Structure formats: structure tokens, C-alpha cells
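Let me begin by presenting the structure, written as C-alpha cells, before commenting on it.
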């Protein structure tokens, strides 16, 4: 790779049943060794494919990303030094529509992780039946070590290095871990500068999750958390109970966890404990924690530690907190064999991508703890991203009530499809969700055929 060039890596093709997994580094939290993340996604797809008899050619196509882009690029720092950064963009499959997926900034970003996240986006978009494919991107960086100006220069340089590999009708990024609406505004501005003047009007749709004043959609910031709550409500209705009667715990109090908690507070549910990278806290009484006040504390201090409205607790005690619902909304590999055995809940509602390991899943099934899988439970973000993309293309602007209503309708249909598949094929909800998505992708390949 050149310092400012883009290297496109052709991904090797292999069937989903390949057993070539290798141990990765220890999980970020939860301890122990786990198979590579992308291999786990392949294994999940393979189980669902076997259950529904998926066409072999579709299994082969989905076993590897369509394209993988790696870039090394220079950035001038505030003190005049030049540092090199590494970034990735993986485009998994676009048979349903443009590649779609966030860009994350994190020191542990790796090609395998981005590969897995892109594949999950393929499944997620197919499951909720929106016209997007799966993509994901990331830069290996700890953004807390950069000034605002350095972060902006790095973002703009990354976009320039990606070049024509992103675009409104081809690959549409969005915010993810440690990126936000401001990051997306920088991307739009940089991408527009690479276009001829008469074409710059179309740059607005190159990303979603933009500030509302810069072409974003109302409701996008809270969308993933809103979707988590909507699905918990649907599960609660099936259990013949009300959200107001539920207690819950949250791991991670960023965009997803904090919004889910604040919306659940408005519905009367009780937040009993929270954990993030800074520590774990629990409520003094059964009245629970005030999610709004906690969100303000996290905004000011960067984490839940030291919150005056709660007492500190251990990681183990956090996982063992007795509640109705646990919402993992942090990073991957958090619900392991060990932590799944500590949980004292009825439902795990996965706000994060890939929070549950294969071993953790087995324990949850053994203990009869229900799971709303990530590809369904956190799909609110990409659904409202789709709404933003539609508004940008049509020049329309929807109000908050319209966004929330349309989001709820799409999630209700997806929930019903997964529920029906689980019943028809005697599958758990994770396998059922994958099966629904794979059927949708298979349908399109069956109708379009495979070139040439």
C-alpha cells in the first residue's frame, strides 16, 4: 500500500462450512479465547442455512466479502509531526442495495472485526427488508489521544484515501463506535470536494447520521436505542406483561445504551445497574438509577464511574444483578460462558453487535434465557439511516412522529417474521433471524441469477 493509496484486497472464496477458525486475542472483556469474529458469523450463517436448505451458491457467495479495502494514510499532527494511520472498509454483499455500515475509531479495529461487522450488516438489512447491503469501516486509533483538529484531519484524510470506494449509490457509511454526527459532516464535506462542482449536490447522501441541520434525519441519534426498546415492548407483550413492570441492566452507556435507558425510563421501567469501560455501578434502592441524570454525568466525565446517584460494584456483581432484562450495548464478546452463567434475567436484548459468544449462547439456551439477537434488536439505527437516505434523495424532511412510526412498523414486521420462522423450524431466535435474512437474499439471487 502506498501512503495515500487504496489497496483492494480480493477476499478468498470458501464455503460456509469451512473449519479454518483460529483463536484470536483474548476478548476485550469477559476473558478467555474466542474464534475469529468473522468465522463466528460464518458459523451462524451456516447453522441457519442448514436449517432452511439454503441454495449452495448463495452460501458460497456469502462466505466471503465481495471486496476489502485497506488504506495507510499520513496525517499532520498539531505539533508538526506526521503520523501514519491504518483504516479499512469491507464491502460484504450488495445484492439488495448499496453497501451500508458504520465507521468506528478504536485502537483494536482489525480487518477480521470489520469483516464480521460488514457481514452482520448484510444479514441485518435483509432481515428488516430494506434495500441495503452490508459494509463496515474503521480506523485503528484511540480518538481520545487526538485533538479536535487532528481528529478532523484524520477523518478527512481517511475519506480521501477511500476515494471512489464510497458514494451515495454505492457504499454509504454511518456513525459507529467513537464517531458521531460531526464526523459524518466532515465526511460529506470532504467527499463533496472530490466531485465536480455540478455534482456536489448529490454528496449529501454519501453518509447517514449527519447533523439534522446538515441533512440528517430527526430521530437518527436515538434510533438504535429506540429500536431496542420497541423490541423489548414486543417481547413483553408476548409475555403478557408491561414495560413499566420491568427492571433492567445496561452494559455500555454510549449512544445505544444511554438512549435505550432514557426511553425505558419514560416508559416506567427501572434501571438497576450499569457497567462500562470505567467501572460498574448499581442502584441504592429498588427505585433504580435516573437514566437522564446518569447520561449527563457520562457526558461530563466520560463514564459511569463516580456517579453520585449510585454505589460502585464489581463486574461480577453487575452481571449477577437480578433483573428482567439485560441490554449489552458495548462491544463484542461480552456475554461469555462465564458471564452468561452469572446473569439473573429473563431476556438478553442485544444492543451491541456480536455481544454474545458461541459458548455464551449455549449457556443462555441451557438456562432458558430468551435472546433478542443483535441483527434484529439493534437494527433501528440502519432503518432510520435508510429513512435519512430516502429523505436526502427526495429532498423531503420527515417529522419525529413519522420516523418513530415507520421504524416501529418495520420492526414489528421483522419481529413477526422471526417469530414465525422460529416456530416453523423449531429454531432459537438467533438462528431464526439469520434464516429469515438468508431466505430474502436467496430470493433475489434466484430471481436475478448470477453473472455471467
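The values are calculated or read from the model by the stated rules, or taken from the named source; none is laboratory data. What you see is a predicted model, and the numbers here were worked out from it, not measured in a lab. Note that we place each Cβ from the backbone using ideal geometry, even for glycine, and neighbour counts take in every protein chain shown.
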Subset of the range 97-115 (residues that are crowded, with 20+ Cβ neighbours inside 10 Å and touching a helix residue (DSSP H, G or I) at 6+ places or on another chain (Cβ under 7 Å)): 100, 101, 105, 113, 115
Residue selected from the range 60-85 under the condition free of Cβ contacts under 8 Å to residues at least 12 places away in the same chain and in contact with a strand residue (DSSP E or B) (Cβ under 8 Å, 6 or more places away or on another chain), by the criterion surrounded by the fewest Cβ atoms within 10 Å (Cβ to Cβ): 82
Exclusive hit being closer than 21 Å to residue 207 by Cα and assigned to a strand (DSSP E or B), set 109, 90: 90
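Residue-wise test of (1) crowded, with 24+ Cβ neighbours inside 10 Å; (2) over 16 Å from the mean Cα position of the chain (by Cα).
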position	(1), (2)
118	yes, no
123	yes, no
130	no, no
135	yes, no
138	yes, no
147	no, yes
150	no, yes
Residue check for residue 332: touching a helix residue (DSSP H, G or I) at 6+ places or on another chain (Cβ under 7 Å), on the phi < 0 side of the Ramachandran plot and not assigned by TED's automatic domain parsing to the domain that holds residue 45: yes
Residues satisfying the stated conditions in the range 291-348, i.e. assigned to a strand (DSSP E or B) and within 15 Å of residue 269 (Cβ to Cβ): 322, 325, 326, 327, 347
Hits in the range 183-204 - residues which are touching a strand residue (DSSP E or B) at 6+ places or on another chain (Cβ under 9 Å) and either outside any helix (DSSP H, G or I) or modelled with pLDDT of 95 or more (or both): 183, 184, 187, 191
Flag for residue 350 being in contact with a helix residue (DSSP H, G or I) (Cβ under 8 Å, 6 or more places away or on another chain) and buried (at least 24 other Cβ atoms within 10 Å of the Cβ): yes
Count of the range 235-264 residues which are farther than 21 Å from residue 304 by Cβ, in contact (Cβ under 8 Å) with a residue 12 or more places away in the chain and surrounded by 19 or more Cβ atoms within 10 Å (Cβ to Cβ): 2
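A quick yes/no check of all residues on (1) over 21 Å from residue 114 (Cβ atoms); (2) more than 21 Å from the chain's Cα centre (by Cα); (3) buried (at least 24 other Cβ atoms within 10 Å of the Cβ):
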residue	(1), (2), (3)
343	yes, yes, no
372	yes, no, yes
388	yes, no, yes
402	yes, yes, no
409	yes, no, no
417	yes, no, no
435	yes, no, yes
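For (1) surrounded by 24 or more Cβ atoms within 10 Å (Cβ to Cβ); (2) touching a helix residue (DSSP H, G or I) at 6+ places or on another chain (Cβ under 9 Å); (3) free of Cβ contacts under 8 Å to residues at least 24 places away in the same chain, each residue gets a yes or a no:
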{"position": "165", "(1), (2), (3)": "no, no, no"}
{"position": "184", "(1), (2), (3)": "yes, yes, no"}
{"position": "190", "(1), (2), (3)": "no, yes, no"}
{"position": "195", "(1), (2), (3)": "no, yes, yes"}
{"position": "207", "(1), (2), (3)": "yes, yes, no"}
{"position": "214", "(1), (2), (3)": "no, yes, no"}
{"position": "220", "(1), (2), (3)": "yes, yes, no"}
{"position": "223", "(1), (2), (3)": "yes, yes, no"}
Subset of the range 360-400 (residues that are over 25 Å from residue 206 (Cα atoms), free of Cβ contacts under 8 Å to residues at least 24 places away in the same chain and not in a loop (DSSP other than H, G, I, E, B)): 366
Qualifying positions in the range 425-452 - part of a helix (DSSP H, G or I) and farther than 22 Å from residue 56 by Cα: 429
Residue in the range 8-21 that is out of contact with any strand residue (DSSP E or B) (no Cβ under 9 Å at 6 or more places or on another chain), crowded, with 19+ Cβ neighbours inside 10 Å and at pLDDT 50 or above present: no
Yes/no for residue 180 being in contact with a helix residue (DSSP H, G or I) (Cβ under 7 Å, 6 or more places away or on another chain), under 24 Å from residue 256 (Cα atoms) and surrounded by fewer than 18 Cβ atoms within 10 Å (Cβ to Cβ): no
